[in-house]
Amino acid sequence: MTMTMGDRLRELRLSKNLSQEEVSRHIGITRSAYSHYEINNRQPVYETLMKLAAFFEVSLDYMIGGDQNQSESQQLNKDTLDLIQTLNRMEPDKRKLYIDQMLKLLRKAESAG
């Protein structure tokens, strides 16, 4: 079954445990307008669609009903996912320290290469 944009919006909102009011306030529209998007009574204008995709951190293609699977070039590889998960489990101060150290090493490697 193909998901509509409204279905995707609702799924994304619920996955973040947000109310329609919270989403609408963040992107600068009324709750009523957002509600109409979720129930497929209206389609957002391009600017609002962009804000929604950015807010939910998804592609425009996904937002408008494209395949949920990203193209191979957009997928994060396993090493990158492992790194992200490891960093997310760290205490914020420790995470910042490790990220700063990694960036320093990467910049050093770029300048040497």
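The values are calculated or read from the model by the stated rules, or taken from the named source; none is laboratory data. Computed from a predicted model, the values in this text were never measured in an experiment. All Cβ positions, glycine included, derive from the backbone under ideal geometry; neighbour counts span all protein chains shown. Remember, those area values only see protein heavy atoms, side chains included, never the ligands or the DNA or RNA. Shrake-Rupley method; radii C 1.70, N 1.55, O 1.52, S 1.80 Å.
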field: Extended-chain gain in nm, criterion 0.36 nm per residue less alpha-carbon gap, V45 and M3
entry: 13.2 nm
- line: Share of accessible surface on carbon and sulfur in the chain, whole %, 1.4 Å probe and ligands ignored, is 52
query: With no solvent and one point on each alpha carbon, what is the Debye value of log10 I(q)/I(0) for the range 5-69 at q = 0.22 Å⁻¹?
result: -0.86
message: In Å², and per residue, what accessible area does the chain have when probed at 1.4 Å with the other protein chains present?
response: 76
message: Please list, by residue number, every one of the trypsin sites (Lys or Arg not before Pro) in the range 29-58 that is coil in DSSP and has at most 13 other beta-carbon atoms within 10 Å.
response: none
- request: Report the extension gain between S32 and V58 in nm, rounded to one decimal, defined as 0.36 nm multiplied by the number of residues separating them, less their alpha carbon distance.
  value: 7.1 nm
- request: Give, in whole angstrom and from largest to smallest, the semi-axes √(5λ) of the equivalent ellipsoid of the chain, with λ running over the eigenvalues of the Cα gyration tensor.
  value: 35, 17, 13
